[in-house]
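The values are calculated or read from the model by the stated rules, or taken from the named source; none is laboratory data. Keep in mind that this is a model prediction, so the values were computed, not measured. Virtual Cβ from ideal backbone geometry, glycine too; neighbours counted across all protein chains shown. Side chains are part of the model used for accessible areas, which takes the heavy atoms of the whole protein and leaves out ligands, DNA and RNA. Shrake-Rupley method; radii C 1.70, N 1.55, O 1.52, S 1.80 Å.
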Amino acid sequence: MIIPQLTLNNGVAMPALGFGVFQTPPEETRAAVAAALDTGYRQIDTAAAYGNERQVGEAIAASGVDRAEVFVETKIWISDYGYEQTLHGFDKSARKLGLDQIDLLILHQALPSELGKTLEAYRALEALLADGRVRAIGVSNFMVEHLTALLHTATVVPAVNQIEVHPYFQQRQVQDFGAEHGILTQAWAPIGGITFYRDSGHRSTLDDPAIGEIATAHGKTPAQVMLRWHLQQGRSAIPKSVRPQRIAENFDVFDFELTSEQLAAIDGLETGKRGGPEPADVTLATFGRPIPED
Ligand code: NDP
């Protein structure tokens, strides 16, 4: 299976469909990543804050897949923002992953109450890019105002903004702003995962009747239909699972095509309700925690 690639704004190619490991316990991460690589995934999305970078690195090393074929993405946590701290954050992540070079390194959140620190953290990413320690840089959970402030001072336009996008919460304004500036939207909770564990006041996207109807029409599952919706709209998607059967299911999305009416029907499911934390409310006091050295 050849996975379609997306070209980032600096020419680096990234698989359109990747594999996430948020909330995957460290003791289950090696097996999950091994199953994903075995299935054919060639992009893994982890984060310093997930506590499983070491196991991601071990799974890649043990897989027998050429390092150059696997696109590894990780994130600097807010507690490591600031120029020197973020450079050190890279060292910690690279050491745990067992890699000299990280394919895509992004800031996990904006820290709106400490914008200066956020901008300094991004300046460190620019330095790592210039040094060849990372192949591309970007951000996550940046809203239009955060991107606007960043673009004022940045010398490198972020390649990616990883944000919550699923049929019930699509953030079209942020996506459009990204598209205007060459910033690729990468969808987290692409099949609505975040709504499973937060009291967001609506059912799971997996049980949505409209998505179910489209799935039946194609002989596919609701998860596959949502992933297809992302891919056909040009987004990167990084579904997570710890179950080999679902890992395979989520990868089996390259043999059918949604019609423009079906895409529009899914677009129409927007609820305006965010499942994840409100980016404007993220502070060191509420979300800060040290990232271990090893
Ligand atoms: P997803 O939309 O990927 O959903 C994951 C959930 O869906 C899990 O509970 C999983 O359970 C279940 N699941 C997976 N596949 C299927 C399937 N085919 N049918 C039914 N259920 C399924 O949500 P995530 O929140 O995990 O987001 C994906 C990735 O995005 C994360 O792993 C992480 O890499 C990234 N992320 C980034 C954030 C950020 O702030 N930047 C925030 C949140 C996520 P099970 O494992 O038991 O199969």
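Evaluated over the chain, the count of Lys pairs having alpha-carbon atoms less than 18 Å apart is 4 (only pairs 8 or more residues apart or interchain). Considering only Leu99, Val65, Ser79, and ranking their Cα positions along the charge dipole of the stretch 62-134 that arises from unit charges at the beta-carbon of Lys, Arg, Asp and Glu, the one farthest toward the positive end is Ser79. For the chain, carbon and sulfur atoms together expose 51% of the accessible surface, with a 1.4 angstrom probe and every protein chain in place.
Eigenvalues of the alpha-carbon gyration tensor of the stretch 15-287, scaled by 5 and square-rooted, set the equivalent ellipsoid semi-axes at 29, 23, 16 angstrom, largest first.
Net charge in the neighbourhood of Ala61 (other residues with Cβ under 11 Å of its Cβ; Lys, Arg +1, Asp, Glu -1) is +2.
What the phi angles of the stretch 260-271 give under the Karplus curve with 6.51, -1.76 and 1.60, with θ = phi - 60°, is a coupling list of 5, 5, 5, 4, 5, 5, 6, 3, x, 8, 3, 10 Hz, glycine and proline written as x. Taking every DSSP beta bridge that has both ends in the stretch 153-262, the antiparallel portion is near 10%. Here the sum of -39500 (n - 2.57) over DSSP H runs of 4 or more residues, divided by the residues of the chain, equals -12000 deg cm²/dmol at 222 nm, to the nearest 500. Charges on Cβ only, +1 for Lys and Arg, -1 for Asp and Glu, centred on the Cα centroid of the stretch 112-169; of Thr155, Ser113, Pro167, which one is farthest towards the dipole's positive end? The Cα lying farthest towards the positive end belongs to Thr155.
When DSSP beta bridges are restricted to pairs lying wholly in the chain, around 15% turn out antiparallel. In order along the stretch 277-294, the phi-based Karplus estimate (6.51 cos²θ - 1.76 cosθ + 1.60, θ = phi - 60°) of 3J(HN,Hα) comes to x, 5, x, 5, 9, 6, 10, 5, 5, 8, 10, x, 7, x, 9, x, 5, 10 Hz; Gly and Pro are listed as x.
Net charge in the neighbourhood of Glu145 (other residues with Cβ under 14 Å of its Cβ; Lys, Arg +1, Asp, Glu -1) is -2.
Ranking Ser260, Ala36, Val225 by how far each Cα lies toward the positive end of the dipole of the stretch 15-287 (charges on Cβ) leaves Ala36 at the top. About its Cα centre, the dipole of the stretch 1-92 is roughly 120 debye, where the only charges are +1 on Lys and Arg Cβ and -1 on Asp and Glu Cβ.
Given +1 at the Cβ of Lys and Arg, -1 at the Cβ of Asp and Glu and no other charges, the dipole of the chain around its Cα centre is 220 debye to the nearest 20.
I want to verify a result. In a Gaussian network model of the chain, Cα cutoff 10 Å, which of these has the top mean-square fluctuation: Ile163, Ile76, Ile194? Result for the chain, Cα springs under 10 Å: Ile194 fluctuates most.
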